[in-house]
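Engineer: Below is one structure. I have some questions about it.
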Amino acid sequence: MGKSVIRAMSALLLHLKMEIRHLRLIKAVVEEGGITRAMDVLHLSQSALSYQLKEAEHQLGTQIFYRRNKKLVLTAVGKKLYDTASRVLKELDATESEVRKMANGEQGTIRISTECYTNYHWLPAVLKKFKDEFPHVEVEIVFEATLKPIERLIEGALDLAITSNPQHTEQIEYIKLFTDEMLAVVCKGHPWAKRVFVESEDFREATLIIHSLPLETVSLFREQLMPKGISPRKMIVLPLTEASIELVKADMGVMVLANWALKPYLNDGISVVKINPEGFFRQQYMARIKDRDYPVFYDYFIKFLREEIKNKY
């Protein structure tokens, strides 16, 4: 590739001077076989089309077309721009179509679930706010898919799944949502309440309250206890956070909750303790099928969810 071509492409990449209308012009001239038919497609006069083409070439500092016997032939830069225009305009047109459909009231549906019951503390409120902004998109929480959302996603029963346990499979794409800190929760008189942190070994003699089975879905077990062969002295399975907090307050067990899930209970007769000196953090992901052609409002939904959780917690 010649130096003039490299300079021209550098100008394009660094300064991003090309406009969408220029890309449409290049694509039309190539695919319609010349200026005359491109004028009809773009609804431009010959003088307007010629001006836009000269404008694009001036911004780039190089020719896009050679003029040969009244024909326009792509230069090396022009060929690169035409390839880019074909890809970019296809995506833009698809996005514009989806957004127009949403604006005109076409209904879409997002079926979502999560592997953790505690996520339902914040999820419904966020979904309500999304519904206010996107009234024609229905979001359905598929509660029966809780605990096994990835399996249900692969089966087609879900569109999206929230998980902190990404399973390495070529079928699934994982998008980071947020990171939360997991904290031990004990009653005010519990020995742990005076400690700066507890470690995995401390859970060996504890009565541990968990939300659900199997244990592989519980972050504390999956990441802290199982790798070290540690099992608590006793376990209580109770999916209701409020009831679990009452057991903790009565000194009938300890539990582990995310920092955001604990906020409503912090001044209610409990103490929270870090797990490990450096803390125990969990990454939450949005999972979706990798090769599926999702409508554009799914991307809006994931971005909206990430921003809302970040602002809320």
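A short reminder: the numbers here are calculations on the coordinates, not readings from a lab. The structure displayed is predicted, hence computed values, not measured ones. Note that we place each Cβ from the backbone using ideal geometry, even for glycine, and neighbour counts take in every protein chain shown.
Engineer: Round to a whole angstrom and tell me the spacing of the C-alpha centers of the stretch 137-186 and the stretch 43-95.
Structural biologist: 45
Engineer: Treat the count of other C-beta atoms within 10 Å as a stand-in for reagent exposure and order CYS116, CYS187 from fewest to most. Don't skip to the end; give the middle numbers.
Structural biologist: Working: CYS116 23, CYS187 19.
Exposure proxy ranking, most exposed first: CYS187, CYS116.
Engineer: Follow-up question, since we're still on this one. Going by how many other beta carbons lie within 10 Å of each one, how would you line up TYR298, TYR120, fewest first? Mind showing how you got there, number by number?
Structural biologist: Working: TYR298 18, TYR120 15.
Listed from fewest to most nearby Cβ atoms, that is TYR120, TYR298.
Engineer: With a 10 Å Cβ neighbour count serving as the proxy for reagent exposure, in which order, fewest first, do VAL126, VAL139 appear?
Structural biologist: VAL126, VAL139
Engineer: Evaluate the relative contact order of the stretch 180-282 (contact order divided by residue number), counting alpha-carbon pairs under 8 angstrom at least 6 apart; express in whole percent.
Structural biologist: Working: 176 pairs, mean separation 54.3, N = 103.
Relative contact order for the stretch 180-282 comes out at 53 percent.
Engineer: With a cut-off of 8 Å between alpha carbons and a minimum separation of six or more residues, what is the relative contact order of the chain in percent?
Structural biologist: On the way: 436 pairs, mean separation 60.0, N = 313.
The normalised contact order for the chain reaches 19 percent.
Engineer: Quick one: of LYS194/LYS263; LYS176/LYS234; LYS148/LYS176; LYS79/LYS176; LYS249/LYS274; LYS54/LYS80, which pairs are farther than 27 Å apart, Cα to Cα? Don't skip to the end; give the middle numbers.
Structural biologist: Working: LYS194/LYS263 20 Å; LYS176/LYS234 34 Å; LYS148/LYS176 19 Å; LYS79/LYS176 37 Å; LYS249/LYS274 18 Å; LYS54/LYS80 18 Å.
From LYS194/LYS263; LYS176/LYS234; LYS148/LYS176; LYS79/LYS176; LYS249/LYS274; LYS54/LYS80, over 27 Å: LYS176/LYS234; LYS79/LYS176.
Engineer: Evaluate the distance, in nm, between pseudo-label points positioned 7 Å from the Cα of ARG222 and of ARG21 along their respective Cα→Cβ axes.
Structural biologist: 5.2
Engineer: Between THR169 and GLU205, what is the label-to-label distance in nm when each label sits 7 Å out along the Cα-to-Cβ direction?
Structural biologist: With each label placed 7 Å out from Cα toward Cβ, I get 4.2 nm.
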